[in-house]
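Since the structure comes first, as structure tokens, the remarks are kept for the end.
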Ligand SMILES: Nc1ncnc2c1ncn2[C@@H]1O[C@H](COP(=O)(O)OP(=O)(O)OP(=O)(O)O)[C@@H](O)[C@H]1O
Ligand SMILES: [Mg+2]
């Protein structure tokens with residue numbers, strides 16, 4: 001029997017053939033694959049998939065659509081003044097312009113008696129649409145939020161027209177970022193199939209580890225699987241990463257390991273963080289806004305750290321139990337529990353500091369958008385960042 005390598009089983013960066021987990025969408029209790037298949041069958045409709053980063057949007061499209069029919073284009077591929085159809089056509093492998101020959105093929109040295117007709121063409125919208133229809137191709141416009149805003153609207157218009165002609169397309173984007181051009185576009189009302197990808201639940205994450213280790217012929221106790229799922233912070237990608245780290249640390253490819261030992265877990269969590277580079281993000285948060293010469297109050301924590309309010313907020317987010325969202329009550333409670341001395345920051349102070357951190361993040365690039373403080377709640381947007389806070393070597 002051919003033994004699998006760990007890297008073939010756990011795939012944090014690409015399509016996980018052996019550890020693919022099918023999930024039910026919460027709203028109607030049908031799995032996502034069926035929903036997407038169904039959506040693609042409704043001719044004249046555009047499919048919009050929205051979901052948080054790294055929750056399996058691209059993997060879902062790759063699962064449902066055969067590789068040879070899938071034409072993937074990313075929002076970053078579109079620059080101002082690019083013609084939408086030229087970009088799509090080129091990605092699909094169509095020549096931009098040229099000659100095509102109709103009739104019999106030209107054979108060696110015998111072309112005299114053969115009839116053929118040469119035609120010139122340039123890549124046009126109609127030609128691209130026909131090519132997609134004739135060959136059963138589906139356009140997946142991934143990371144749509146990365147396309148510049150005015151281009152998003154232009155694309156939406158082009159797609160609106162194309163889907164009437166039975167062109168099949170899926171637009172994939174992050175929540176709140178790009179839904180205006182598609183989901184709130186009046187022109188597309190009634191012409192959309194909407195799929196919202198939810199965060200992963202722990203029992204769904206657990207299946208990744210269970211399937212993978214079974215395939216590798218290695219036992220792992222349910223308790224350990226549960227623990228890894230909790231630390232994966234709703235992210236299937238983290239689950240894949242951690243399982244692969246465990247295999248690397250135990251050298252499962254070359255050793256005869258039959259059981260995963262508990263002691264490897266913490267080492268694997270720490271080892272996994274070496275792939276994540278968030279030190280600039282963390283330092284920016286810890287620094288907070290410019291203090292303009294004022295000294296900030298320092299609090300002593302139970303673990304002996306000296307932290308200002310921004311340090312306390314970061315610490316409160318990182319401690320147990322791991323959570324992807326906190327309301328102000330919970331933040332206050334976590335911060336209070338950290339501090340030794342009597343004087344503790346009040347809720348108003350915590351709120352104001354979170355407001356300031358949010359404005360700092362708003363001005364920065366995407367990698368800094370690790371959380372969102374909105375309507376009195378702090379949402380962790382990037383599970384990898386929280387994982388880095390919990391296990392990274394930055395303390
Ligand atoms: N159904 C699944 N079963 C098992 N693992 C999965 C599944 N979906 C996603 N993953 C894991 O998560 C990783 C990230 O998935 P994917 O790239 O599809 O996320 P995404 O939502 O498209 O992210 P982004 O917003 O960055 O484009 C995959 O490479 C895979 O390791
Ligand atoms: Mg993706």
Handout entry: Of the criteria (1) surrounded by 16 or more Cβ atoms within 10 Å (Cβ to Cβ); (2) in contact with a strand residue (DSSP E or B) (Cβ under 8 Å, 6 or more places away or on another chain), which one residue 191 fails
Key = (1)
Exercise for the section: Check off (1) at negative phi; (2) within 16 Å of ligand 2 (Cβ to nearest atom) for residue 149 and give me the number that stays unchecked. Expected result: (2)
Exercise for the section: For residues that are in contact with a helix residue (DSSP H, G or I) (Cβ under 6 Å, 6 or more places away or on another chain) and not in a helix (DSSP H, G or I), scanning just the stretch 235-252, find the one that is nearest to residue 382 (Cα to Cα). Expected result: 235
Completion exercise
Only one of (1) surrounded by 20 or more Cβ atoms within 10 Å (Cβ to Cβ); (2) modelled with pLDDT under 95; (3) more than 22 Å from residue 200 (Cβ to Cβ) does not apply to residue 353, and that is (2)
Completion exercise
Within the stretch 204-231, residues buried (at least 23 other Cβ atoms within 10 Å of the Cβ) and near ligand 1 (Cβ under 10 Å from one of its atoms) come out as 205, 208, 212
Completion exercise
Among 51, 75, the single one that is at pLDDT below 95, under 24 Å from residue 190 (Cβ atoms), within 15 Å of ligand 1 (Cβ to nearest atom) and buried (at least 16 other Cβ atoms within 10 Å of the Cβ) is 51
Practice task
Determine which member of the set 312, 384 is touching a strand residue (DSSP E or B) at 6+ places or on another chain (Cβ under 7 Å), surrounded by 13 or more Cβ atoms within 10 Å (Cβ to Cβ) and in a helix (DSSP H, G or I).
Solution key: 312
Handout entry: Residue among 266, 332, 270, 256 that is more than 25 Å from residue 366 (Cα to Cα), in a helix (DSSP H, G or I) and assigned by TED's automatic domain parsing to the domain that holds residue 215
Key = 266
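The values are calculated or read from the model by the stated rules, or taken from the named source; none is laboratory data. Just so we're clear, the structure is a prediction, and the values are computed from it rather than from any experiment. Please note: Cβ atoms are built from the backbone with ideal geometry, for glycine as well, and neighbour counts cover all protein chains shown.
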